[in-house]
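A short write-up of the structure that comes next.
Read-outs throughout are calculated quantities, based only on the coordinates presented, and are distinct from any laboratory measurement. As the structure is a computational prediction, the values presented were derived from the model and not from experiment. Here the Cβ positions follow ideal geometry from the backbone for every residue, glycine too, while neighbour counts run over all protein chains shown.
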Amino acid sequence: SQQGEEDPQALSIQEGENATMNCSYKTSINNLQWYRQNSGRGLVHLILIRSNEREKHSGRLRVTLDTSKKSSSLLITASRAADTASYFCANYGGSQGNLIFGKGTKLSVKP
Amino acid sequence: KAGVTQTPRYLIKTRGQQVTLSCSPISGHRSVSWYQQTPGQGLQFLFEYFSETQRNKGNFPGRFSGRQFSNSRSEMNVSTLELGDSALYLCASSLGQGRPTGELFFGEGSRLTVL
C-alpha cells in the first residue's frame, strides 16, 4: 500500500508537554506535508517540508525528514488543550501523483 | 478570500439511491481533488480534476464519478449507494498549474450516511 503509516495511533498528554508523531512511507518522499483535523471537520495544512530539507520550524511545530528512511516526525512543543485533534502526514510519492495520507495520530491534550 | 465550500454538509440516503455532492474551490484555484474518509480506511483519494478534465483517479468502482465545470466548481456523484459508502467526503483545491505539488485547501466535508 502507498498509504503512510503513522505512529502512535493515539497519544494522550498533559498541557505543557511536548507531543511527537511519526510517519513513514514505502514510496519515495516528495514534498511531505502535515495536516490537522478537528473532529469531523476539514483538514488544515500545517507545514510542508521539501525532499532537500531535513528540518523545518513553524511556531511551536518542528518537522524533521529522513529521506533515506522515508520517514518524518512532527513535534508540537508546549501543547495546549486547543491542540487536541488528529494529525495526518501526506506525501506526493506514488505512481498516480496524488497526495497520499497517513492514517493519522489522534492527539488528546488534557488541561 | 472565501475558502472551499462543500454542500450539503450532512445528508442521509438509503441503499440503492444516488447522491451528488458539490464543491466550490477557492477563487483562482483550478484543481479540485476529492477524498473519502472512513474510520477503517482513513483518507482515500477518489479523483482530481483540472480545467474540466479528470487528471487523476483513485481505486474506486465506477459508481463513483465526478465532473468539473468551467468555473472550476466540481461535483461528485455516487450511484447505487451501499452501506459502505457512508463516509466524510472531502474536497480540496489548489492552484494546480502542473500536477499538485504543494498545499491543498480543504472544505469542511459532506457527511454521508447510508441506511
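Per-residue 3J(HN,Hα) values for segment A:31-47, derived from phi via the Karplus relation 6.51 cos²θ - 1.76 cosθ + 1.60 with θ = phi - 60°, read 6, 6, 10, 10, 10, 10, 9, 6, 3, x, 10, x, 8, 10, 5, 9, 6 Hz in sequence order (x marks Gly and Pro).
Debye-formula intensities of segment A:27-111, expressed as log10 I(q)/I(0) at q = 0.18, 0.23, 0.26 Å⁻¹, are -0.77, -1.16, -1.37 (one equal scatterer per alpha-carbon, no solvent).
Each principal axis of the Cα atoms in chain B has its own extent, and those three values, largest first, are 39, 27, 26 angstrom.
Just to confirm a number: summing +1 for Lys and Arg and -1 for Asp and Glu over residues other than A:Ser79 whose beta-carbon lies under 9 angstrom from that of A:Ser79, what do you get? Working shown, then result.
Numbers: positive: A:Arg60, A:Arg80; negative: A:Glu15, A:Glu17, A:Asp83.
Net charge around A:Ser79: -1.
Volume per residue of the convex hull around the Cα atoms, evaluated for the protein assembly as shown, comes out as 123 Å³.
DSSP beta bridges fully contained in chain A are about 85 percent antiparallel. Note on chain B: dipole from Cβ charges, positive end direction compared against B:Asn71, B:Phe47, B:Gln36; the farthest Cα belongs to B:Asn71.
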